[in-house]
Amino acid sequence: MTTESDLKPRYVGQSMKRREDPQLITGRGTYLDDIKLPAMLHVALVRSPYAHAQITAIDARRALNRRGVVAVFTGQDMLDINPLPCAWQAGRVTNHVNTPRALAVDTVRHVGEPVAMVLAEDRYVARDAADMVDVSYEPLPAVVDARDAIQPGAPQLHANAPNNIVMEWEAGDRAKTDAAFAQAEVVVAEPIINQRLIPTPMETRGTVARYDAATGEFTVWMTSQAPHVMRLLLTAFVFGIPETKLRCISPHIGGGFGQKIFCYNDMAFTMWAARKLGRPVKFVEERSENYRASTHGRDHITDAELCGRRDGTITGLRVKTHANLGAYLSTIAPGIPTTLYGRIITGVYAIPAAYCHVTGVYTNTAMVDAYRGAGRPEASYLIERMVDRFAAEIGMDPAEVRRKNFIQPDQFPYENGLGLLPYDSGNYAPALDKALEMVGYADFRALQAEARTQGRYVGLGISSYVEICGVAPSAWIGLAGEGWGAGLFESANVRVHLTGKVVVTTGSLPHGQGLETTFAQIVADELGVPYADVEIEWGDTQGTPFGYGTYGSRSLTVGGTAIKKSLDKIKAKAKRLAAHMLEANADDIEFADGKAFVRGAPAQAKTLAEIALQASVAYSLPEGMEPFLDETSYYDPPNCTFPFGTHIGIVEVDPETGHVDLQRYIAVDDCGNLINPLVVEGQIHGGIVQGIAQALYEQAIYDTNGQLLTGTLLDYAIPTAAMAPHIETAHTITPSPVNPLGVKGAGEAGTIGAAQCVMNAIIDALAPLGVKHMQMPATPERVWKAIHKEL
Amino acid sequence: MTKITLTVNGTRYTRDVEPRTLLVHFLREQLNLTGTHIGCDTSQCGACVVHLNGVSVKSCTTLAVQCDGAEITTIEGLAPEGTLHPLQEAFWELHGLQCGYCTPGMIMSAADLLAKNPHPTPSEIRHGLEGNLCRCTGYENIVRAVSSAAEKMGSPDA
Amino acid sequence: MIPSPFEYLAPTSVAEAITLLQEYGEDAKILAGGHSLIPAMKLRLSAPSILIDITRIAELRGIVVNGNINIGAGTTWQMIEHHPELKQLCPVLPQAVARIGDIQVRNRGTLGGSLAHADPAADITAVVLVLDAQIRTQGPNGSRSIPAADFFVDMLTTALEPEELITAIICPRLGTDEGAAYTKFPHPASRYPIVGAAAYLKMSDGKVSACRVAITGAGPMPTRQIACEQALLGTDGSDTAIANAAALAGQEMEILGDIHASEEYRRAMVQVYAKRALLKARGAITS
């Protein structure tokens, strides 16, 4: 007898090659800039060359005289629409909110802030004309560093934010933590700077807006990870029009990494201009515009203290962070250094007392918001650096300190005391052990000792991380005062058409994650239909149910589970219909391998295609049953998921130059069950290299006047193939109890695990020289200076 | 305006262009060959790589007028319609792409790399692709894909 | 990333190109490989009204080996990199060229274009200096030959007259008692050298009988390191002698600092890379 549990999944767990790829490898994808509409106008922007200035005059006459120029608009023209919303404020505290307008009005507050838009018949003319718009500025003093910005007498960005403070926020138990430090045998303290990064998806951002005057409806193509959210924010908050008057479409997206979650001014000004001129309007950023005006990530300046006993027990963690949020608040900016950072600073360790204080600060820089990992890399870097610092202080093996303080398997679900829902599941030691085994830990320490006698500086760094995925349950994020104030559920509709083909629409928004493939694997297995018969549709608010989009490693855990819920409903209805067709009792029907049959009599089965046909033709349905197999689910997870793992890196430092050679990189990740191991591995690889890049290469640098010195890819170093290491991967599997798929999320894990792994290795290599800490990025010069004791 | 005649993916075109027209804009805007992408404004990223008279070039750093009389191959013309080049197959097979934005340029560069060095080591592949940035894959599977394609292209039954 | 408008001219002979240069003067810019000029034009840092494309001048292309090595100014990097004879006769050239930019830059960029532009962070300038190459030029008053040592005048400034074109670069064939090498510390984003060092050594009877060292990337222009060279002359060329000489590198030149490398660090790296280039050059001596 066949039962559901006997059936081996045919697709789930297989490394299937991606169904997304045939288009993309042949150049047949449709990215935003590939969209051309009849009579479409092109936008070029006039952007502020100053970090802080009053706009005293804008003269567009020369530009308007250029042949091919249709219009020039400024912020004054667009006062009939509202500033962009900040949709996630720091919880339970006052936030002094200031958000950008479609175009600057009166004052500019960062270099690259758009001041005027030129619309022309082609992009070359638009670009020429932008240079012909004469803007007069009265420069104001600027401030770019968060610590400088809160000092008395610093330049003030906004009238409602004294001392440039957005908010002050805290998590944990301050008194208990202070007591732990007062009693501690050992205290280590370091300044920890998590430098500003530029996300740099290979496709920049852009918008194409069309307005139909007859219906009053907008259609907007956007490089967005969350088109339903953009529809909501742009209609309800910016334009004050019914949500039904805007259709948002995300075409193929050339990477996002967080930067494409947010509501941007180009969405507003292209819509406004399309309505004004009655012609479609396209805006696509150039890379240098993306660097100056789209969101950046990280930029924390932290004082970290960790205390413990000489036996290696960690007893307390105290953290004070200044988070630079830029000149205005981006869509979810205040949520990143608070909810997604301060609540997980203790990482994989059972630390009895912890406290985190965060000050959000305005500066004359580009807005800072979520970038791959978003708060969790900052937390993970902080705790893992401090644990190594503690291990060195007490002379204990860093692997042993970790093992000693890990949250133990029997402690799950684990409450960390920082205002998070409990960690769902975890077993941290096996991942550490596996990584140590892969690297050959004991042998390495012997080789290291020998290398040191030869004057060579080799080091090994360990990073044991945990993160928060599946953002976010209403039970957490929706709590009054936590910030967003609503559950970030995800949606899925599943339809089985009368030909037996299955169409799934999802509110998730794949942009490289391989979700079409992964989702189709789940659907094909659950319904027992051929994989090729499953179609996954996404990206268009017309035709997909409302969903919150793709970010925060949430699309499989939340979006995938929404699909699973709909599939369960489909199967339940199919069983009821099959019972009717087989003249049996519905309770006796089993659904397996794409067929419904009376338990024990599989030979009399009805296939899903037969059931779907019956449901569609609809002339013999059970009493009260609606036609068609069509089910929708909105999944609000009861908890987040908490993927974890251990990464180990080995470096050799050239003491003459300070150059770091990352010789091995080992990643053991536990993201729960794997639906498509090939896709998961790809996510891990990419994440790791972004984390390594933070450790070794990347840093957005402003000068004191607020000019972005790393304003192009000539200066801002994202890794090439030759700068990235070969990566050795493995997994432990601890299924999540939170969702029926047992999955945890993998999109950000690599980034969250990597930076401290590399930094710990460098500091281990230089330990004989007395180096205890170093800030990122560990550029050759910085390492060289550490070696030469000039830090 | 300057009249140019060139062959793109085997088809001959004659067009009037402004001398300042970049090849990438000519291909994308005038010929609707949008598989060639733009990812930067400083000639770093390689999303725009095409073949000009058989060698890879950054079409964002080439003027269309410079291509008068030339033969251009873009990602759309790398393999005959309905077939895949071994590199395209290998990128698909080994998950050498995620968002796909860098992929056309990456594949065009890899094709030139293999033309110059048919049996590259992983290190040679990494250095050979220095003109192409990918932000998704961490390059691991790109290197695997190029190695695999090189093996297939070098085998007697290829 | 859109250049300002310009008029495009594509002469097919050197004489025609010079006539156009005479006609348009300062309004005109020469377009060779374009990998310095076009990026600058796209960012509107450069906006010439006339562009004279010399890539259609056949006489400027190609490598001819006779007593010396004659490399046409329009020869692309990739032609140099993959030239079988050069690998034998002057291996430092293909080796150094292989470190320039990326494959696509090398497929388009030209030796003459790089020298005429004289970017302080060009790679090949240091190599041309240590090879003591001759830069052949042609102008309205005929042709001349400029020693590399006299060619680089200042940042982005050469001895080239406004109406002159570089036509060829004459490099020596290296004997078995000669070795040359180029090492670089590339910028992680641009891959231009933060410090690039080229070295040439000749050994006679166990002694260094000729020595040239040049640094690029670190200062406003590629610069010979005379003190370093003189310290090595007449020594046995041992590791110690090389290290001692290299410690003098950078002394007589202006070193620049920026966000990518401070003056202090660049100065230290000039010495390290000079040493590494010298060691590598010594290793290239085959007899």
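The values are calculated or read from the model by the stated rules, or taken from the named source; none is laboratory data. Here the structure is a predicted model, which is why all the values come from computation and not from measurement. Virtual Cβ from ideal backbone geometry, glycine too; neighbours counted across all protein chains shown. Accessible surface is based on the protein model in full, side chains and every heavy atom, while ligands, DNA and RNA are left aside. Shrake-Rupley method; radii C 1.70, N 1.55, O 1.52, S 1.80 Å.
Within the set C:Ala32, C:Ala10, C:Ala47, C:Ala58, the sole residue that is within 22 Å of B:Gly69 (Cα to Cα), surrounded by fewer than 18 Cβ atoms within 10 Å (Cβ to Cβ) and within 14 Å of another protein chain (Cβ to nearest Cβ) turns out to be C:Ala58. Looking at A:Glu138, A:Glu121, just one residue is under 11 Å from A:Gly68 (Cβ atoms), in contact (Cβ under 8 Å) with a residue 40 or more places away in the chain and either out of contact with any helix residue (DSSP H, G or I) (no Cβ under 9 Å at 6 or more places or on another chain) or not assigned by TED's automatic domain parsing to the domain that holds A:Met271 (or both), and that residue is A:Glu121.
Is it the case that A:Ala475 is closer than 24 Å to A:Ser736 by Cα, touching a residue at least 12 places away in the same chain (Cβ under 8 Å) and either open to solvent by 10 Å² or more (accessible area, probe 1.4 Å) or of a type in the set (Phe, Trp, Tyr) (or both)?
Judged against the criteria, A:Ala475 is a match.
Taken over the stretch A:133-175, residues that are open to solvent by less than 50 Å² (accessible area, probe 1.4 Å) and either touching a Lys or Arg at 6+ places or on another chain (Cβ under 9 Å) or of a type in the set (Phe, Trp, Tyr) (or both) amount to 8.
For residues in the stretch B:8-25 being of a type in the set (S, T, N, Q) and in contact (Cβ under 8 Å) with a residue 40 or more places away in the chain, which is farthest from the other protein chains (Cβ to nearest Cβ)? By that ranking, first place goes to B:Asn9. Among the residues making up the stretch C:94-110, those that are more than 9 Å from chain B (Cβ to nearest Cβ) and touching a Gly at 6+ places or on another chain (Cβ under 8 Å) are C:Ile100, C:Gly109, C:Thr110. Against the test of being under 18 Å from A:Gly360 (Cβ atoms) and part of a strand (DSSP E or B), the options A:Asn194, A:Asn98 yield a single qualifying residue, A:Asn194.
Scanning the stretch C:89-121 for residues that are in a loop (DSSP other than H, G, I, E, B) and among the small types (Gly, Ala, Ser) turns up C:Ala98, C:Gly101, C:Gly109, C:Ala118, C:Ala121. Does the stretch B:116-158 hold any residues that are open to solvent by 20 Å² or more (accessible area, probe 1.4 Å), away from chain C (no Cβ under 14 Å) and without any contact (Cβ under 8 Å) to a residue 24 or more places away in the chain, and which are they? Hits for the stretch B:116-158 are B:Thr121, B:Glu151, B:Ser155, B:Pro156, B:Asp157. Checking each residue in the stretch A:323-362 for being open to solvent by 10 Å² or more (accessible area, probe 1.4 Å), in contact with an Asp or Glu (Cβ under 8 Å, 6 or more places away or on another chain) and not aliphatic (A, V, I, L, M) picks out A:Tyr355, A:His357.
The set of residues in the stretch A:59-79 being surrounded by 20 or more Cβ atoms within 10 Å (Cβ to Cβ) and over 37 Å from the mean Cα position of the chain (by Cα) consists of A:Ala60, A:Ala63, A:Val69.
For the stretch A:36-80, the strands (runs of 3 or more DSSP E) that sit wholly inside it and include 1 or more residues that are hydrophobic (A, V, I, L, M, F, W, C), in contact with a helix residue (DSSP H, G or I) (Cβ under 7 Å, 6 or more places away or on another chain) and closer than 22 Å to A:Arg205 by Cβ are A:41-47, A:69-74. Among the residues of the stretch A:249-262, are any over 30 Å from A:Ala350 (Cα atoms), within 14 Å of chain B (Cβ to nearest Cβ) and open to solvent by 20 Å² or more (accessible area, probe 1.4 Å)? Yes - at least one qualifying residue is present in the stretch A:249-262.
Rundown of residues vs (1) more than 14 Å from C:Tyr200 (Cα to Cα); (2) surrounded by fewer than 24 Cβ atoms within 10 Å (Cβ to Cβ); (3) within 14 Å of chain A (Cβ to nearest Cβ), yes/no style:
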position	(1), (2), (3)
C:Ser262	yes, yes, yes
C:Arg267	yes, yes, yes
C:Val270	yes, no, yes
C:Ala284	no, yes, no
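Considering A:Asp593, A:Asp568, A:Asp630, the condition of being touching a Leu at 6+ places or on another chain (Cβ under 7 Å) and open to solvent by 30 Å² or more (accessible area, probe 1.4 Å) is satisfied by A:Asp593 alone.
Once the stretch A:120-178 is narrowed to residues that are over 30 Å from A:Glu415 (Cα atoms) and of a type in the set (S, T, N, Q), the residue that is farthest from the other protein chains (Cβ to nearest Cβ) is A:Asn160. Selection within the stretch C:156-209: residues that are farther than 21 Å from C:Arg276 by Cβ, surrounded by 24 or more Cβ atoms within 10 Å (Cβ to Cβ) and touching a Gly at 6+ places or on another chain (Cβ under 6 Å). The member of this set that is farthest from the other protein chains (Cβ to nearest Cβ) is C:Ala168.
If you take the residues in the stretch A:489-509 that are surrounded by 24 or more Cβ atoms within 10 Å (Cβ to Cβ) and either in contact with a Gly (Cβ under 8 Å, 6 or more places away or on another chain) or in the same structural domain as A:Leu329 (by TED's automatic domain parsing) (or both), which one is nearest to A:Trp88 (Cα to Cα)? The extreme case among them is A:Glu490. Taken over the stretch A:656-676, the criterion of being facing another protein chain (nearest Cβ under 10 Å) and of a type outside the set (Asp, Glu) is satisfied by A:Thr657, A:Gly658, A:His659, A:Tyr665, A:Asn676. Within the stretch A:39-54, the set of residues being surrounded by fewer than 24 Cβ atoms within 10 Å (Cβ to Cβ) and within 14 Å of chain B (Cβ to nearest Cβ) comprises A:Met40, A:His42, A:Arg47. Take the conditions (1) open to solvent by 50 Å² or more (accessible area, probe 1.4 Å); (2) in contact with a strand residue (DSSP E or B) (Cβ under 7 Å, 6 or more places away or on another chain); (3) under 15 Å from A:Asn265 (Cβ atoms); A:Asn82 misses just one of them, which is (2). Each residue in the stretch B:138-158 was checked for being touching a His at 6+ places or on another chain (Cβ under 6 Å) and part of a loop (DSSP other than H, G, I, E, B), and 1 pass. For the stretch A:229-239, indicate whether the set of residues that are away from chain B (no Cβ under 14 Å), among the aromatic types (Phe, Trp, Tyr) and surrounded by fewer than 24 Cβ atoms within 10 Å (Cβ to Cβ) is non-empty. Checking the stretch A:229-239: at least one residue is away from chain B (no Cβ under 14 Å), among the aromatic types (Phe, Trp, Tyr) and surrounded by fewer than 24 Cβ atoms within 10 Å (Cβ to Cβ). Taken over the stretch C:147-195, the criterion of being under 16 Å from the mean Cα position of the chain (by Cα) and either without any contact (Cβ under 8 Å) to a residue 12 or more places away in the chain or in a loop (DSSP other than H, G, I, E, B) (or both) is satisfied by C:Asp150, C:Met155, C:Leu156, C:Ala159, C:Leu160, C:Pro172, C:Arg191, C:Tyr192.
Taken residue by residue, the stretch C:111-120 has no member that is open to solvent by less than 40 Å² (accessible area, probe 1.4 Å), free of Cβ contacts under 8 Å to residues at least 40 places away in the same chain and in contact with a Phe, Trp or Tyr (Cβ under 9 Å, 6 or more places away or on another chain).
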